[in-house]
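Trainee: Take a look at the following structure, please.
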Amino acid sequence: MSADWLTIILALVAIVVAWKVFKGVVKTIALVVILIAAAIFVFGGLA
């Protein structure tokens, strides 16, 4: 399993945890941050 797949799986787990734990605006911010971090890691940074 490559690092890209592992990152995607970890991001999905983090999304599920954030969805269950946080509420309202905090949930939205947490989900956006998780998705941005995963995208930056998978697609190679901010070149």
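Trainee: Kindly evaluate residue 30 against the criterion of being at pLDDT 90 or above and of a type in the set (Gly, Ala, Ser). First the steps, then the outcome.
Mentor: Values: at pLDDT 90 or above: yes; of a type in the set (Gly, Ala, Ser): yes.
Yes; evaluated as a whole, the condition is true for this residue.
Trainee: Hey, another quick one. Would you pick out the residues in the stretch 14-26 that are among the aliphatic types (A, V, I, L, M) and loosely packed, with under 11 Cβ neighbours inside 10 Å?
Mentor: Going through the stretch 14-26, the residues among the aliphatic types (A, V, I, L, M) turn out to be 14-18, 21, 25-26.
Within the stretch 14-26, 16, 21, 25 meet the criteria.
Trainee: Give the residue, chosen from 38, 3, 47, that is within 8 Å of the chain's Cα centre (by Cα) and modelled with pLDDT under 90. Before you say what the answer is, go through the steps one by one.
Mentor: On the way: 3 fails: within 8 Å of the chain's Cα centre (by Cα); 47 fails: within 8 Å of the chain's Cα centre (by Cα).
Only one candidate passes the filter, namely 38.
Trainee: Can you pull out the residues in the stretch 27-47 that are of a type outside the set (Val, Ile, Thr) and loosely packed, with under 12 Cβ neighbours inside 10 Å?
Mentor: Narrowing the stretch 27-47 to residues of a type outside the set (Val, Ile, Thr): 27, 30-31, 35, 37-39, 41, 43-47.
Across the stretch 27-47, the qualifying residues are 43, 44, 45, 46, 47.
The values are calculated or read from the model by the stated rules, or taken from the named source; none is laboratory data. Here the structure is a predicted model, which is why all the values come from computation and not from measurement. No Cβ is skipped: glycine too gets one built from the backbone with ideal geometry, and neighbour counts run over all protein chains shown.
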